[in-house]
Amino acid sequence: MRGIFGSMFGGGAVNAAGSQTLRLTDPLDRWFGPGAQTNSGKYVGAESAMRVSAVYGCVNLLAKTVASLPLTMYRITDPVKGSVVAEPRHPLNDLLEHQPNKWQTAWDFKAMMQMHLVLRGNAYAEIVAGPRGFADQLEPLHPDNVWPELLDNGVIRYKIIDRFGKSRVLLQEEMMHIRAPIQNGITGLSPISYARETIGLALATEEHGARQFSNGARPSGIVTLDGTLSDEGFERFKTQFNAAYSGLAKAGSTPILESGAKFEAISMTAEDAQFIASREFQIEEIARWFDVPLVLLHHMTKTSSWGTGVEAIMLAFVRNNLRPWLAAWTNVIRRDLIIAPQLYQARFDVEDLQSGDSKSKAEFFSKLVQAGILTRNEARESLGYNSLSGLDEPLAPVNLAPANAPDPGTGNAAEHIDLTAPEN
C-alpha cells in the first residue's frame, strides 16, 4: 500500500543501487483509467474529454496547425544580430522536415506529438541512433506509458513501455521530452487537469440533451380528459398514446384523440432556454482553457465581422497561442537534438499564417522590393514563382540614398544645401 500511495502522491522509491527517486505522474489518470470523477458525476480524462466537440476542436486545431508548419534547420551567421540562413543539408533537416521514423511522415509525427502535448501535457519521443547520426529516428511514445523519475543527482530517467509491450529504461539523453506549462519543472500539466469540472459539465449537459430527445423526456403537451378513467382504462390510454407519439422518430406527430380528450402544446420553457445557453457557455469556457479564439472553433454567435477582423484574430492566435507551443518545440530540439546549438537552430515557418489576402500580400512584397530589402527573384520565390534572369539585384531608390552617397550624375558626394541661409 505504501508503494501505491507513495507513487500516487509524489512519494519516492528506492532503486537497486539504493538511490532515492521521485516518480512524477498524474495519479488520477494513472490509477483511475478514464479520469477523475467530477461533481457532475462524469469521469473526465484525456480520452473522454475528446468526446466534447469544443475540446476536440481545440486539440485538433493546434495539432494540425503545428503539423502543417515547415520545421527547418538554420545556420547562425551572426549571433549578435540573429542572422540565419537555411541549412537543408544538415542531418537533422531530413529528420524534422520529412521523415522522423520509418512509419511516420513529419506531418504525422508533429500532429501526434502536439496532440499528446495538449491533451496530457507531455510529448515523448525516443532518440534512436542510426545512419543519419545519433538522432536517426524519433520514435513517439504514448505519455501514459512513460514514467519520468528524478534522481538525487538531478538527472531524469524514463521508465517506459514501448509499442511492442516491452518495459525499458531510457536515459535523459535518449529521450526527446516536450512539456506543457509546468509547476514542478519535470512534467507538463494539461489544461484538462484543471478543466475537468468544465469538461465534465459539458459531457453531462450533452448527455442530458441526448436523453431528452431519445426518450422524449420533455413533454410536448398535456392531455386532459373529461371525467375520470378507471385504472385499467388509464393504463390502456397511456400505453397507446406513448406508443403512437413518444420518442424522437415520432416528434412532431399530430395526436388524434377521442372521448373528449384535449391536447395542449407546451412551448419552450425558461429552463429549456437556460439549457441552450449553458451549452454555448461551455464552448466559451473550454476555448478559454485552451486559449483558442471562438471564431476558429466555428462558434460565431458573438462574432460581429469577418475580413480584417478575422485577420487580426489569426495574428493574435499565432502570436499569443501558437508561438509558445512552437517555442517549446524549438527549445527542446536545441537541447536534445542539436550538437552545436551555438551554430545551428531549428525554426518553424509561420509566414503563411501571418500573411493577409492576395491584395495585402502583393502590397507587402512590392514595398519590400521597392525598398531594396528583397530582390525581385526573392519575392517571386516567396510567392511560389520561378526565378527569372536579371532580377537578382536589389533595387536602390534614389530618393532614399544616404546623404553622403555619390551623385549618380557626377560621381561626387552630394553637396549639402542649407535651405535656411539667405541668398546673396
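Values quoted throughout were computed directly from the atomic coordinates according to the rules given, and no laboratory measurement underlies them. Remember, it's a predicted structure, so these values are computed and weren't measured experimentally. Cβ coordinates were reconstructed from backbone atoms using ideal geometry, including for glycine residues, and neighbour counts include every protein chain displayed.
What do you get when you divide the Cα radius of gyration of region 90-205 by 2.2 N^0.38 Å, with N the number of residues? Provide the component values of the computation, followed by the final result.
Numbers: Rg = 15.9 Å, N = 116, 2.2 N^0.38 = 13.4 Å.
Cα Rg divided by the expected 2.2 N^0.38 Å: 1.18.
Measuring spread by the Cα atoms of region 83-150 yields a radius of gyration and Dmax of 13.4, 41 Å. Most tightly packed first, judged by the mean number of other beta-carbon atoms within 10 Å of their residues, the peptides 61-72, 153-164 read 61-72, 153-164.
Under the simplified labelling scheme, the residue 51-residue 362 pair shows an inter-label distance of 5.2 nm, with each label point 7 Å from Cα along Cα→Cβ. Here r is the Cβ-Cβ distance between residue 152 and residue 315 and R0 is 51 Å; the resulting FRET efficiency, rounded to 0.05, is 0.65.
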